[in-house]
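Structure first, commentary second.
No value in this document is a laboratory result; all are computed from the given coordinates. What you see is a predicted model, and the numbers here were worked out from it, not measured in a lab. FYI the Cβ positions are ideal-geometry reconstructions off the backbone, even for glycines, and counts take in every protein chain you see.
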Amino acid sequence: MSNILEVKDLNITFDTFAGKVQAIRGVNFDLKKGETLAIVGESGSGKSVTTRSIMRLLSQNANIEKGEILFNGQDLVKKSEKDMQGIRGKEIAMIFQDPMTSLNPTTTIGKQVAEPLRIHQNMNKEEAHARALKLLELVGLPNAKNRMKQYPHQFSGGQRQRIVIAIALACSPEILIADEPTTALDVTIQAQILELMKQLQSKIDTSIIFITHDLGVVANVADRVAVMYAGKIVEVGTVDEIFYNPQHPYTWGLLASMPTLETEGSLYAIPGTPPDLLDPPKGDAFAPRNAYAMKIDTEYEPPMFKISDTHYAATWLLHEDAPAVEPPAEIKARQELFKKRYAEGHPVAEGGTV
Amino acid sequence: MADNREKILEVKHLKQYFNAGTKNEVRAVDDVSFDIYKGETFGLVGESGSGKSTTGRSIIRLYDPTDGEIDFEGTKVHNISGKKDMLQFRRDMQMIFQDPYASLNPKMKIRDIIAEGIDIHGLASSQAERNKRVNELLELVGLNPDHATRYPHEFSGGQRQRIGIARALAVKPKFIVADEPISALDVSIQAQVVNLLMELQKSQGLTFLFIAHDLSMVKYISDRIGVMNAGKLLELAPAEDVYNRPLHSYTESLLSAVPLPDPEYERSRRRTQYVPRQANGEEEKMREIVPGHFVYCRESEVEALKQKEAAYHK
């Protein structure tokens, strides 16, 4: 499968009164045509900054220190603002977390959905209006024809997110970036929106970058998963590899700290808090919170070790000289399951990209 | 098991209407009854607008109910009058809020935030005792006593929530209403705060009303769970039963919408939709289907629900 997007050695800093915050510290990943890549991590891990840099929507005090963002072979980092305006909303579109604030409260939703069509596809008023109606029907807005004349405050949170999706998909973008699109919604509404996104993805063949911290949502939507910590991707793999054969202790911690319906006794909690990126620690940034940390973790940053063609993790535990360690019980159970399936020759990642 | 345990709180036919009597009337809580036993964690789940937070706020007397009563240790909460009794009630029942950013006064030092209750209730006789107590509380919730002189903006979300918990514990309450205390926190921090709450419950002998929409976390922390929708309590049972043997179709639809961190399960999960029934004149109320498991239903449905319950055990 061909890569539609390649991010190479991306480094981003923010100027603050306290100094330079090293928000993104060498991020590499690619996005394949038609796939959904989920990026997970805690607040401050850099997942939103990474995707905003793709859209070139970073704030004034942000600097892209080095790196390339190749979209269909052209480097977005070098694009002028004018060129970016032709790409944003047309070839790369974005859905934000809060459907309450991402719509214009003073404009009818019909106009808002028609806007990208008028700008990017030079449609006249009537054409754009007709197409906007189609889009609103497509995203399942009931009684779309009459409701086009209404304002955002007249819609519920789930309906607003449908409208935002209609706007994002208006020009059939090649990449859709969804930044926590369901975090503000109730579970039943979340389920509807996720179903809608999957349905639309198969219809218009968009690649999706899905940012979330909800691992349940990741398991539902993702083909591949990238786990971010302190401005770096620490593990990347197919959804089955990350959930059933995780290798990085941070991924272990994330998975074990979410109770499943069977969890009993004390919940596994990653101790401590993420590091201050004003002054990132030497070596592996996760080492101070890592029960499996070794001496080398405080000295040198681990490189990405290869586990399979699709699965990589940045932890010294994968080095050939590292001692064998016992992951938390829940993770071990997941890994056994993976081994069993693998041995039986089951497909490892149905719908994935192996 | 429930009968021989001591009730700490009884909610009887609680109705909380906003704009009552006008055309904008909102029946946020509509005839809800349940009991909470001493030492347990009672989870209240439901979607936004279901009335779960309103119920919690009525219990701690942030609202005056339209109808019904709330008994706390045998006293009618809304009949408490007189400064002394009200002070005692506020001491016994405390609240932990959802938003750790909005619930701490940004202009106050952590020490003064935590000690506010101690001051109001006169629980420390000297400055030294006050400081000692604050330091103890900070240690209890896993923070460094050196942090007492800092301001809220110097802390992360998880740390702030710990400060909110320390403030609630400062007056040695018996009952805590926790309204979505972990919803605003990151996954790894959620686990820390939940573990802390469970430890404190054991060591301090607390009773919790835990309000949340994250169903897997509610199941994990709660002994019994009530499911609310549109102002009504629809199902009430021990946590295990609500999750493994749901009887009300709303509970089933809610559970079927929760994504779990398991790709295999997610590929096969099918969501069921909840369609509220039309009223047919028959009285609907909470009925006990099997001991401890209540469902909001009609008399004519009880037999079918009993069979449904029995079928889960086959």
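Structural remarks
- Between B:ALA239, B:ALA128, B:ALA191, the residue with the greatest mean-square fluctuation in the GNM of chain B (Cα pairs under 10 Å linked by springs) is B:ALA128.
- For B:GLU129, net neighbour charge (Lys/Arg +1, Asp/Glu -1) across residues whose Cβ lies under 12 Å away: +1
- With both residues required to sit in the range A:3-222, DSSP beta bridges show an antiparallel share near 60%.
- Among B:223-236, A:84-97, the order from most to least packed when residues are scored by Cβ within 10 Å on average: B:223-236, A:84-97
- D by Stokes-Einstein for the protein assembly as shown, Kirkwood Rh over Cα pairs, 37 °C, 0.692 mPa s: 121 µm²/s.
- Taking amide H as placed 1.01 Å from N in the peptide plane, the amide H of A:ILE95 sits under 5 Å from that of A:ILE177, A:ALA178, A:ASP179, each at least 5 places away or on another chain.
- Set of aspartates and glutamates with alpha-carbon distance to B:LYS84 below 16 Å, sequence-local pairs under 8 removed: B:ASP92, B:ASP119
- Relative packing of peptides A:7-18, A:42-53 - highest average C-beta neighbours within 10 Å first: A:42-53, A:7-18
- Between the helical axis of A:109-120 and the longest alpha-carbon principal axis of chain A there is an angle of about 80 degrees.
- Peptide A:182-192, shielding by other chains (average Cβ, 10 Å cutoff): 5
- Where only C-alpha atoms are counted, convex hull volume of the range B:184-224 per residue in Å³: 75 Å³
- Paramagnetic label zone (point 7 Å from Cα along Cα-to-C-beta, A:GLN85; backbone N under 13 Å) in the range A:110-142: A:119-120
- Look at the stretch B:249-261: the mean tally of other chain Cβ atoms within 10 Å of its residues' Cβ atoms is 5.
- Restricting the range A:240-345 to GluC sites (Glu not before Pro) in coil, as DSSP defines it, with at most 13 other Cβ within 10 Å: A:GLU262, A:GLU264, A:GLU299, A:GLU320, A:GLU344
- Close Lys pairs in the range A:15-158 (alpha-carbon distance under 14 Å; sequence gap of 8 or more, or different chains): 7.
- Over chain B, relative contact order from alpha-carbon pairs under 8 Å, at least 6 apart, %: 20 percent
- Take the Cβ atoms of B:GLU252 and A:LEU278, set R0 to 51 Å, and the FRET efficiency comes out at 0.55.
- 5 angstrom amide H check on A:PHE305, placed H, neighbours 5+ away: A:ALA313, A:ALA314, A:THR315
- Over all pairs of different C-alpha atoms in the range B:102-230, the reciprocal of the mean inverse distance, the Kirkwood hydrodynamic radius, equals 15.4 Å.
- Largest-first principal axis extents, alpha carbons of chain A, Å: 68, 46, 37
- Candidates B:GLU136, B:GLU47, B:GLU264, ranked by Gaussian network fluctuation over chain B, Cα under 10 Å, top entry: B:GLU264
- Rounded to the nearest Hz, the phi-derived 3J(HN,Hα) couplings of the range B:120-135 under the Karplus curve 6.51 cos²θ - 1.76 cosθ + 1.60 (θ = phi - 60°) are 4, 8, x, 8, 10, 8, 9, 4, 5, 5, 4, 5, 5, 5, 4, 4, where x marks glycine and proline.
- Counting every other Cβ atom within 10 Å of each residue's Cβ, A:THR212, B:THR149 order from fewest to most as B:THR149, A:THR212.
- Placing dummy labels 7 Å off each Cα toward the beta-carbon, the span from B:GLU136 to A:GLU65 is 4.8 nm.
- Antiparallel %, DSSP beta bridges [both residues in the protein assembly as shown], to 5: 60 percent
- Neighbour cut-off at most 14 other Cβ (10 Å), DSSP loop, chymotrypsin sites (Phe, Trp or Tyr not before Pro), the range B:229-314: none
- Note on chain A: helix-only mean residue ellipticity at 222 nm, from DSSP H runs of 4+ residues weighted -39500 (n - 2.57) and normalised by residue number, equals -9500 deg cm²/dmol.
- Using alpha-carbon coordinates, inclination of helix B:187-204 to the longest axis of chain B, degrees: 80 degrees
- Local net charge near B:SER203, Cβ-Cβ under 13 Å (Lys/Arg +1, Asp/Glu -1): -1
- Residues considered: A:LEU200, A:LEU37, A:LEU267. Largest GNM mean-square fluctuation over chain A, using C-alpha springs under 10 Å, is found at A:LEU267.
- Convex hull volume of the range A:2-57 per residue (C-alpha atoms, cubic angstrom): 84 Å³
- Positive minus negative residues near B:THR75 (Lys, Arg vs Asp, Glu; Cβ under 14 Å): +2
- Tilt relative to chain A, helix A:157-169 - C-alpha long axis, 0 to 90 degrees, to 10: 80 degrees
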